[in-house]
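The values are calculated or read from the model by the stated rules, or taken from the named source; none is laboratory data. All values reported here derive from a predicted model rather than from experimental measurement. Note: areas computed on protein heavy atoms with side chains; ligands, DNA, RNA excluded. Shrake-Rupley method; radii C 1.70, N 1.55, O 1.52, S 1.80 Å.
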Amino acid sequence: MVPLGAYANPDNVKQLQAKLARAGVKSFTEPVKSGATAQTRVAAGPYASRAEAERARDRLAALKDLGVVPGTVTTR
């Protein structure tokens, strides 16, 4: 997966996922807790291999209108 950010505002999550969908990027969300604040993490993926995720990260970095900087590729 390629982490893209964590958001407390659900509208921000929806907006980012809509931008990703328009760009043809699969994404998913998961709840996270940061101290007392509940947030939703948005990530691109899943991908079949680390190499595929790294290519996706590079493509995401080139999409300036997303307004995010892709994080380090992680596996689960």
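Using a 1.4 angstrom probe on heavy atoms only, work out the carbon and sulfur share of the accessible area of the stretch 1-55 in %.
Here carbon and sulfur together make up 50 percent of the probe-accessible area.
For the chain, what is the accessible area per residue in Å², given a 1.4 Å probe and the full set of protein chains?
Heavy-atom accessible area per residue stands at 63 Å².
Report the full-extension gain for the segment ARG22 to ALA62: residue separation times 0.36 nm, less the Cα-Cα distance, to one decimal in nm.
12.9 nm
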